């Protein structure tokens, strides 16, 4: 890097901005070239804080074995190995080898699942990265903040997150929220003037810093430091990494695992004690066999892979949501989406197309209609009866459209492919498009030179710019645009043709009537005014200049409703979700759009911010419960509405795009930021980002969230009921050994377990991971939008599910034990086979029963045959598990390892029939539930 490119050696806050830019070798008017920016990015690296290094590969592998139950199993393998060495019976230590092999396979599956979940989470992080506006090759561009380099010219606006440390070059009423860096709660006013002496971080008013947010105003700054060289980077080096908090669902799953583990360890201890108490244990090998049985039972009964499967299923589900333009920043938000009872939505861009188009222009001499929709500057502007716009009317229209264009920051340009694109606020772009249709844009660009700005704020509801009029000797003129009611209060004159008259009661009444008429046609209204400034006035750049203005006229802007929004609102209502519109537009405009979309009846009132301010707390709460359309509201009203809804028990999803929406989004259960028009601060505060700013995407995300939560319940139901089947099989088999003939299968005194430890481990291996994971990505089995929202705080596993888990586990155990009895002599049924074959048959029945249970678990009430072939991944997992079971029964090597014996075709048919008992029992149970409850099927 050359000396001129090097970062300034002195504190840039004390240097003139021109010197800082020169030392960084950049032209503040054009910025860096794309090639130079790429070179500097390669040299300096990405503008990102150094990530905490994740655990090494060997640590991740070792972590798969860091579990108390795994320690038990490793101990059991060691005991089996010692027993084999002591007994010296020859051959291989089969028990120890099988246990270790199963442990390795389980660890491999866990490692793969965790890696996939981490990859999915990383992909989501890339989707939600912060962006910055910069000048590159003389053009404004939006780039990921990670691509900022020293020397970049950043363009700052209200709501932007500051992407790097930078020296201000220009600032217009710029205030920056630096609490994340300095701890100061008040926003700091910024100024271009260099400091006289170096100052503490909180007092460096000529600098902006990475990680802070623009609270008000606009600015331009040259980047002086990126990545770990920033002030935020300096703090990051002093911080220790912190563990991410677990979601409520993950905490519940962990609690279930602990509870189940304690219960199963107690059962395993009881089984081992029963064996020692009832049976004659001969030698060290018998002791090892009994201990292996107890330990393997405990390990197999606890679904230790459940947390990894849960994380992976959530991550994959969230990626599916992202593919549908809904980017969820935290996996825990998926839970809340399924419980949402109210969606509070802005109107513009979310319920409408966000293709703002000026359709009507009204001035003192009359009004006109503007043809065309969108940002293509094509369409005629005609007066009444299709007469051309000319004379005084045209003069007034030129001032309205050129004034509105001057009082804005948007850019309209034609891309290389011929399409027209906008950069900036769509409403501001609408003035540029209409001005170009009128043919007045070229003169405005050559006549006026913009020199300063009083930015828009939601409190003032207007913005102004100061421009130099080159046709009038460089005279300065203030041009303002904003809400008509606000602007008219600041006007005392009116433009009529080429003349300026007093803004008397007649003119005021007519202007007010024009606004009402346009609003009644569901048009958004903005007014334009101006006044020449006296010499020296521009030095007091503050809202006090916005007085004694000359009123010019009002425009009516149309933003047509989205067709898909009406369908989505109907779907939300069907799902028991209330939709509330909260907008800053005129009440009539809001009410009409709400009626067109089906949010509220045509005669339903729309409450304004003024109306809300006049209510006490009780009246406010009632109004929020009964009203679905709020207009002319400020951000503080949004926050109050959210709080009132939540106080009434609602789970609220709230949309927002402006920096002042951030508090409401943070307070809401699901804060939803606009991905296209939303500010970076809003995106930071939100839990979900709409990539297309479309209301229909919110409802689609709710549906996907409900489906994901249903899938979590599906694999929880499957895993717990299947593992319960294993526990009950061994427990009941040991307790009822005499009834089943298991005692007689031995020497009459030794109690024989229904399954071997290695067989239990095998079942756990082939039935837990694959089918459970496939169930986690199951297509929607039931119509999840045909039922009301899930109650907030409702557990994933409720009492009804626990009953089902116990019932299905009991059926599996009974089917397995009856099969063993059918094969053994003695017991309830007289069989003719030896213990090894009987065990193999029972072992196979339990595997098949769990595979049948996959299809049962897809719904609590819907038949397993409903959408039976919808999930090809589930069928693949089931078929693979079945083939592995065939292999363990018929391959000699596996016969030796798992104590199995080949079965005949008739034996397989019997096992298949007994295993399917769980399916037919579940079908009968679901039929009864449907008859008794008469409610829509739920997962």
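The values are calculated or read from the model by the stated rules, or taken from the named source; none is laboratory data. What you are looking at is a predicted structure, and each value in this text was computed from that prediction instead of being measured. For neighbour counting, all protein chains shown are included, and Cβ atoms are generated from backbone atoms with ideal geometry for every residue, glycine included.
When the residues of segment 663-686 are filtered to those that are at pLDDT 85 or above and not in a helix (DSSP H, G or I), the one that is surrounded by the fewest Cβ atoms within 10 Å (Cβ to Cβ) is 669. Identify all residues within segment 855-874 that are without any contact (Cβ under 8 Å) to a residue 60 or more places away in the chain and assigned to a helix (DSSP H, G or I); write none if there are none. Answer for segment 855-874, where residues must be without any contact (Cβ under 8 Å) to a residue 60 or more places away in the chain and assigned to a helix (DSSP H, G or I): just 872. So, of the residues in segment 878-901 that are touching a residue at least 60 places away in the same chain (Cβ under 8 Å) and outside any helix (DSSP H, G or I), which turns out to be surrounded by the fewest Cβ atoms within 10 Å (Cβ to Cβ)? Per the stated criteria, the residue is 901. Scan segment 107-140 residue by residue and report those that are at pLDDT 85 or above and either touching a helix residue (DSSP H, G or I) at 6+ places or on another chain (Cβ under 8 Å) or buried (at least 18 other Cβ atoms within 10 Å of the Cβ) (or both). 132, 133, 134, 135, 136, 137 - these are the residues of segment 107-140 that are at pLDDT 85 or above and either touching a helix residue (DSSP H, G or I) at 6+ places or on another chain (Cβ under 8 Å) or buried (at least 18 other Cβ atoms within 10 Å of the Cβ) (or both). With respect to the stated conditions, residue 19 fails to be assigned by TED's automatic domain parsing to the domain that holds residue 169, modelled with pLDDT of 90 or more and touching a helix residue (DSSP H, G or I) at 6+ places or on another chain (Cβ under 8 Å).
In this structure, residue 610 does not qualify as under 26 Å from residue 464 (Cα atoms) and in contact with a strand residue (DSSP E or B) (Cβ under 9 Å, 6 or more places away or on another chain). Residue check: residue 577 meets all listed conditions (1) surrounded by fewer than 20 Cβ atoms within 10 Å (Cβ to Cβ); (2) closer than 16 Å to residue 627 by Cα but one, namely (1).
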